[in-house]
Amino acid sequence: MHLSRQTTNNRIESIDIIRGIAMVIMALDHVRDYFHITANIDDPLNLATTTPLLFFTRWITHFCAPVFVFLSGVSIYLQSLRKSKKNLSKFLLKRGLWLIFAEFFIISLAWTFDPGFHILPMQVIWTIGISMIILGLMIRLPFKLIFITGLAIVTLHNLLDIPEAAPGFKPGFLWELLHHGFFVVYPIFSNHYFLIVYPFVAWSGLMMLGYCAGILFTGKFSSEQRKKILLRTGIGLLLLFVILRATNFYGDPVPWEKQQSSLNTFLSFINVHKYPPSLLYLSLFIGIAFLLLALMENKKNRFSNIMIIYGRTAFFYYILHLYLIHILAAIAFFIKGNHSVEEAITSMKKLPFLFVIPGEGFGLGVVYLIWFSVVAILYPVCKKYDRYKTTHKEKWWLSYL
């Protein structure tokens, strides 16, 4: 009994550590969005204009979304051990709808500071929400069928790149929503728009695979067995990435190309497609996540304890960090240029973020300083909230945060 309890505790902590690392890294990209001087006028992954540090500042944050989605699936499987399929299905449907609502009316406000909600971004929380709804509808299906469906989606969705690459291809709203759309605007009604950022199908397949991987974190596998499976699978995914990427045969819509320097050639090689997440993108970053999950098994130190807090309060942290970053951007807006609110509102015609003007900002040194400050400020808040959740498990609404 003691061993079983210990295994369960370590299992939960290793998941939370990796989720926490993803949440902390994610904040770096969002700080860059609001504060870096070229954030809204150039692509940090553009090899013609970027620097190695700027490239990796953006590239490393590609780790976050797939880990967030995959581990959401893992957590759903662990919930299935405590809930009936009927109750779990109801919970996933309700939580999925709640996340979509939160994306449109809580998180979009954090991004834009626009109380008129003229732009409704469909980003990672929307993706998790719709994926939970889909999994909630599938949850009573056989485990193997869910696994096969998820695997088929993740491995085969890049076949849709073929018609999308054809001359004159014109996707409609549904196609954009399912696979193609990236920062595509669709009108809802007068002066209000959806902004598709995360087409959801590939992410839904990833959540299904995360759900199926959840079995690894149960008492059916010992700690050593789990570590071996995670290490071997992680290495296998990275080898798959290297082999397929080297051939430019399949798995990513943008082939890598030889550049003027070996460093830039390497950057081109690892620069894989996120929107939607290509097979090679997921192989690379989920492969890394598997290795980290294996390495963090049974780890107990100050770093792991801190990451656990962010991992246990991920959605709470996600909402707070966006509002905090945007508030700091508003403060910088007035301190730096003495701009008026009218100027800020006018600037929203170019960029739907109030108090952010394209081409204005700071260097990466300031970006990293603000990132560290944001993460540090939120730690005691998240720690207090985690303590509250732990001591008030009877409050049903906490399961939605």
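The values are calculated or read from the model by the stated rules, or taken from the named source; none is laboratory data. The structure displayed is predicted, hence computed values, not measured ones. With ideal geometry, Cβ positions are generated from the backbone for all residues, glycine too; neighbour counts draw on all protein chains shown.
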Worksheet item: Is it true that some residue in region 219-237 is touching a residue at least 60 places away in the same chain (Cβ under 8 Å), over 18 Å from residue 279 (Cα atoms) and among the hydrophobic types (A, V, I, L, M, F, W, C)?
Response: yes
Discussion item. Would you confirm, using the coordinates I've provided, whether residue 66 is in contact (Cβ under 8 Å) with a residue 24 or more places away in the chain, assigned to a helix (DSSP H, G or I), touching a helix residue (DSSP H, G or I) at 6+ places or on another chain (Cβ under 6 Å) and at negative phi?
Written reply: yes
Item to complete: Report yes if some residue within region 11-24 is closer than 17 Å to residue 211 by Cβ, of a type in the set (D, E, K, R) and at pLDDT 95 or above; otherwise report no.
Response: yes
Worksheet item: Taking region 168-214 on its own, how many of its residues are more than 13 Å from residue 274 (Cα to Cα), among the aromatic types (Phe, Trp, Tyr) and surrounded by fewer than 20 Cβ atoms within 10 Å (Cβ to Cβ)?
Response: 6
Discussion item. On the basis of being under 30 Å from residue 108 (Cβ atoms) and under 22 Å from the mean Cα position of the chain (by Cα), does residue 308 make the cut?
Written reply: yes
Fill in: Scan of region 265-279 for residues that are in contact (Cβ under 8 Å) with a residue 40 or more places away in the chain, of a type outside the set (Val, Ile, Thr) and closer than 13 Å to residue 241 by Cβ, ordered by number
271, 277, 278, 279
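Quick one: which residue in 88, 78, 28, 99 is hydrophobic (A, V, I, L, M, F, W, C), modelled with pLDDT of 95 or more, surrounded by 22 or more Cβ atoms within 10 Å (Cβ to Cβ) and in contact with a helix residue (DSSP H, G or I) (Cβ under 6 Å, 6 or more places away or on another chain)?
Only one candidate passes the filter, namely 99.
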Practice prompt. Only one of these is over 15 Å from the mean Cα position of the chain (by Cα) and under 30 Å from residue 257 (Cβ atoms): 29, 43. Name it.
Written response: 43
Fill in: One residue from 400, 379 being loosely packed, with under 14 Cβ neighbours inside 10 Å and in contact (Cβ under 8 Å) with a residue 24 or more places away in the chain
400
Worksheet item: Which residue pairs have Cβ atoms closer than 8 Å, lie 6 or more positions apart in sequence or on different chains, and pair a first residue in region 156-185 that is more than 19 Å from residue 126 (Cα to Cα) with a second residue that is aromatic (Phe, Trp, Tyr) and surrounded by 12 or more Cβ atoms within 10 Å (Cβ to Cβ)?
Response: 158/250
Worksheet item: Across region 114-146, what is the number of residues that are surrounded by 14 or more Cβ atoms within 10 Å (Cβ to Cβ) and in a helix (DSSP H, G or I)?
Response: 15
Discussion item. So, in region 46-79, how many residues would count as being under 15 Å from the mean Cα position of the chain (by Cα) and within 14 Å of residue 364 (Cβ to Cβ)?
Written reply: 4
Worksheet item: Among the residues of region 216-229, is any β-branched (Val, Ile, Thr) and under 17 Å from the mean Cα position of the chain (by Cα)?
Response: no
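For (1) touching a Leu at 6+ places or on another chain (Cβ under 9 Å); (2) in a helix (DSSP H, G or I), each residue gets a yes or a no:
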{"site": "238", "(1), (2)": "yes, yes"}
{"site": "250", "(1), (2)": "yes, no"}
{"site": "254", "(1), (2)": "no, no"}
{"site": "265", "(1), (2)": "no, yes"}
{"site": "268", "(1), (2)": "yes, yes"}
{"site": "282", "(1), (2)": "yes, yes"}
{"site": "298", "(1), (2)": "no, no"}
{"site": "305", "(1), (2)": "no, yes"}
{"site": "308", "(1), (2)": "no, yes"}
